[in-house]
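Some notes on the structure that comes next.
The values are calculated or read from the model by the stated rules, or taken from the named source; none is laboratory data. Just so it is clear, the model here is predicted, and its values are computed rather than measured. Cβ placement follows ideal geometry from the backbone for every residue including glycine, while neighbour counts extend to all protein chains displayed.
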Amino acid sequence: MRTLSGKNIVVLGATGGVGAAIARHAVAAGARTLAVARGRESLESLAGQTPGLDVLALDASAEGAPAAVFDAMAPDLLVVCGGARPPTAPLHELNWPQFSANWNSDVRMSFEFCKAALLRPLPPGSMVILISSGAGLGGSPISGGYAGAKRTQMFVANYSQKESDRLQLGIRFIALAPAMIMPDTDLGKTAVDGYARYLGISAADFVRGMKDPQSPDDVGCAIVALFTQPGAHAGNLFTVSRQGLAAVQ
C-alpha cells in the first residue's frame, strides 16, 4: 500500500462540492495539493479553510491550461473534476449551446489533460482520475448532453489507458462515477430541483425517494483508496456509492 504523504496532487474544479472534498482529503493525507478553479475568491476561501492548500485560478477547459497547471505542479495524481452546469429541461426545450455545454467543458477538459499527460508524459506510477457520473451509465433525460459527455469521459480514460500501455508509460487512467445525485452540492441541488419540477413533486419528496446517496466525502475517500491501494482496484472504470467503490466491467 502506497501513501499520499509527500505526493503532488492536482484537483481541477476544486471549488465545487466534490472537488473541494477531494482537495481536503488530499491535504489531510499529507499530500502537496494544488486546487485549480476559475473563481479566485472561491479558491481563497477554500484555502483559508484548508491550511497547506495551494491554489491556481485558471479555466481548466481553456487552451493551454494543461501546460500552465503542469508547470505549476507536476502531479503524481491528477483529478479532473467540475465542468459546466447542465440544463434541467427535456430535449425538445433545449437549444444546441445548452445541449452541448458539458461537451465543451467536461469532455474538453478531460481530453486536453489526458492528452497532455501522455505527451509530456507524466512519470511512471502517476494516476489520472476523471470524475464522471452515474448518468453516464444510466442516462439523465432532462440534462441535455450531460449523460453523453460523462459517458465519453469514461471512453477518454479507457483510450488513454490503452495508449499508456501501448507506449509503456506506466500511467494509470481511471474514470470514477458517483452513483447518485448528491443533494448537498450545488450541482445536486440543481438536479434535484429540475427533476422535482419535471416530475411534479416537491424537492423534499424527491430527496426522500433517493436511497442512501453518497456524499462528496465518499468520493474523496474513494480517490484516496484508488491511489493508495491500486492493486486492490483493478480496471479503469468505477462507481462510488455509500457502500464504497465498485468496478464496472
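When restricted to residues that are surrounded by 14 or more Cβ atoms within 10 Å (Cβ to Cβ), among the charged types (D, E, K, R) and modelled with pLDDT under 95, region 60-91 contains 1. Identification of strands (runs of 3 or more DSSP E) wholly contained in region 22-111 with 3 or more residues that are farther than 21 Å from ALA149 by Cα yields 32-37, 54-57.
Among the small types (Gly, Ala, Ser), crowded, with 19+ Cβ neighbours inside 10 Å and out of contact with any strand residue (DSSP E or B) (no Cβ under 9 Å at 6 or more places or on another chain): is that true of ALA21 in this structure? It is true that ALA21 is among the small types (Gly, Ala, Ser), crowded, with 19+ Cβ neighbours inside 10 Å and out of contact with any strand residue (DSSP E or B) (no Cβ under 9 Å at 6 or more places or on another chain). One residue stands out in region 112-127 among those that are outside any helix (DSSP H, G or I) and either at pLDDT below 95 or over 16 Å from the mean Cα position of the chain (by Cα) (or both): the one that is surrounded by the fewest Cβ atoms within 10 Å (Cβ to Cβ), namely PRO124. Scanning region 179-193 for residues that are part of a loop (DSSP other than H, G, I, E, B) and small (Gly, Ala, Ser) yields one hit, ALA179. Exactly one residue out of GLY235, GLY231, GLY220 is assigned to a helix (DSSP H, G or I) and more than 22 Å from ALA23 (Cα to Cα): that is GLY231. In the set (1) farther than 18 Å from ILE174 by Cα; (2) surrounded by 17 or more Cβ atoms within 10 Å (Cβ to Cβ), the condition left unmet by ARG108 is number (1). Being modelled with pLDDT of 95 or more and of a type outside the set (Phe, Trp, Tyr) is the requirement here; does MET109 meet it? Criteria met by MET109.
Inspect region 178-190 for any residue being more than 20 Å from CYS81 (Cα to Cα), out of contact with any strand residue (DSSP E or B) (no Cβ under 9 Å at 6 or more places or on another chain) and surrounded by fewer than 18 Cβ atoms within 10 Å (Cβ to Cβ) and give the result as yes or no. No; the residues of region 178-190 include none that is more than 20 Å from CYS81 (Cα to Cα), out of contact with any strand residue (DSSP E or B) (no Cβ under 9 Å at 6 or more places or on another chain) and surrounded by fewer than 18 Cβ atoms within 10 Å (Cβ to Cβ). Scanning region 194-216 for residues that are more than 20 Å from SER110 (Cβ to Cβ) and in a helix (DSSP H, G or I) gives GLY194, TYR195, ALA196, ARG197, TYR198, LEU199, ALA203, ALA204, ASP205, PHE206, VAL207, ARG208.
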